[in-house]
């Protein structure tokens, strides 16, 4: 099993015969970095001082024929004439594995630091790897070398579909040594996602724990009030965010964000009126599109714009021992009210944490209220009146489970 705490090894310039800086790391590039901000976005690495060969990435880049518009920039920020160099975006340079290179016709030292704009890694069919969940998968399987059975495919499939539906596109450069776990965290957190290992040790991902990523088919268990003790409910005002400005379009060469979203479009004015302004500025290094920054901001406000209930309890049995972090479960608490002032029934919550006590035969839970509940459709048999007392498919299911 791959160690997520181990450092992801990047190729080094010192592996080649005549580099300018042997310790320089060859970057890993994902997504479309041809737009957003200005100038070059990451530095090229000189691999041969005499033949004037520079690495653009430590792997192949998407082919020019597929629409990859590669641009090189000199140290002063000026565009370098494409006639001054030739590109090979899938070059087995010195027989040490395929990388992307630019070879200049003459010594280009005076132009350094040379920086790059381009599209990153492609999948097996030549498509750009840009969905953040696809980036996580490629990073885990192809770069880190994990086995396919170390990945929990169902959660990846759900998260990928959700990212695609939201129009998420990831674009970023890995140019420094870091652990695989921290790289996954940095990538997924920019899209309100998270990861963890399940009980079998497989990597699971969730794009977010909000209502938008949840369906009734995912409900894994029901926590019955009679089996629970030590139940407490907390509304975390300190974690509330009702406006989320965002800095994005990160320049990996200058280490600066080059674009900004003010968060006004998507803020929760009602929540601000009730609780005051709670603003948090996001820094989205893997986001370049304004539309994506706006969506991430809006979804964070949707998730944290109002105080979210966190329920702590103990189940005095091991009936739901197979439950894992991230699972959706039902809970009913007769002493807690729903928005209609009735006892909370069949509320859908997410498992944030578990603490088994096998000796005592119990399980402690920390649960996040999703804001959703199990619904019950009203049959179209003429018995229900269209007077607003029933919801067609949206009424709370008050059956016991």
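Nearest 10 degrees, 0 to 90: what angle lies between the long axis of helix 290-304 and the longest principal axis of the chain (Cα atoms)?
Once rounded, one gets 30 degrees.
Pop the C-beta distance of residue 200 and residue 270 into the FRET formula with R0 = 41 Å and round what comes out to the nearest 0.05.
Taking R0 as 41 Å, the efficiency between residue 200 and residue 270 is 0.45.
Which of 376, 303, 166 ends up with the largest GNM mean-square fluctuation for the chain, with Cα atoms connected below 10 Å?
The residue that fluctuates most here is 376.
Based on DSSP H runs of at least 4 residues, each adding -39500 (n - 2.57), what is the mean residue ellipticity at 222 nm of the chain after dividing by all its residues, to the nearest 500 deg cm²/dmol? Walk me through the numbers on the way to the answer.
Numbers: 5 runs with 53 residues, N = 401.
Dividing the helical sum by the residues of the chain leaves -4000 deg cm²/dmol.
Go through (i) 155; (ii) 177; (iii) 120 and flag the label whose value is the computed volume of the Cα convex hull per residue in Å³ for this structure.
Evaluating volume of the Cα convex hull per residue in Å³ on these atoms matches (ii).
Given a Förster radius of 60 Å and the C-beta distance between residue 239 and residue 94 as r, what FRET efficiency does 1/(1 + (r/R0)^6) yield to the nearest 0.05?
E between residue 239 and residue 94, to the nearest 0.05, is 0.70.
Tell me, what is the Rg over Rh of region 237-304, with Rh the Kirkwood radius over Cα pairs?
Values: Rg = 12.5 Å, Rh = 12.1 Å.
Result: Rg/Rh = 1.03.
What percent do you get for the relative contact order of region 13-117 when only Cα pairs under 8 Å and 6+ apart count?
So the answer I get is 31 percent.
What's the extension gain from residue 222 to residue 334 if we count 0.36 nm per residue and subtract their Cα-Cα distance?
38.8 nm
Give me the angle, in degrees from 0 to 90, between the Cα long axis of helix 180-189 and the longest principal axis of the Cα atoms of the chain, rounded to the nearest 10.
Between helix and principal axis, roughly 70 degrees.
Points 7 angstrom from Cα along the Cβ direction at residue 64 and residue 50: gap in nanometres?
2.7
With just the Cα atoms defining each centre, how far is region 145-161 from region 222-273? Give it in Å.
26
Could you pull out which residues in region 80-120 have an amide N less than 11 Å from a spot 7 Å beyond the Cα of residue 17, following the Cα-Cβ vector?
Label zone hits: 94-95.
Kindly work out what percent of the DSSP beta bridges joining two residues of the chain are antiparallel, to the nearest 5.
Values: 65 of 74 bridges.
Restricted to the chain, the bridges split so that about 90 percent are antiparallel.
With a/c under 1.5 counting as rounded, go ahead and sort region 2-70 into rounded, prolate or oblate using the C-alpha gyration tensor (a ≥ b ≥ c being the square roots of the eigenvalues; past the cut-off, prolate if a/b is larger than b/c, else oblate). It would help to have the intermediate numbers written out before the result.
Details: a/c = 1.88, a/b = 1.13, b/c = 1.66.
Oblate.
Which of these, 20, 294, 350, has the largest mean-square fluctuation under a Gaussian network model of the chain (Cα springs below 10 Å)?
For the chain, modelled as a Gaussian network with Cα springs under 10 Å, the answer is 20.
Against the longest alpha carbon principal axis of the chain, how many degrees, from 0 to 90 and to the nearest 10, is the axis of helix 153-166 turned?
Result, in degrees: 80.
Please work out how much length the chain gains when fully extended from residue 7 to residue 254, using 0.36 nm per residue of separation minus the C-alpha to C-alpha distance, in nm with one decimal.
86.5 nm
Relative contact order of region 237-304: what whole-number percent is it, with Cα pairs under 8 angstrom and at least 6 residues apart?
46
Here, each number is a calculation from the coordinates, and none is a lab measurement. Keep in mind it's a predicted model, so treat the numbers as computed, not measured. Note that we place each Cβ from the backbone using ideal geometry, even for glycine, and neighbour counts take in every protein chain shown.
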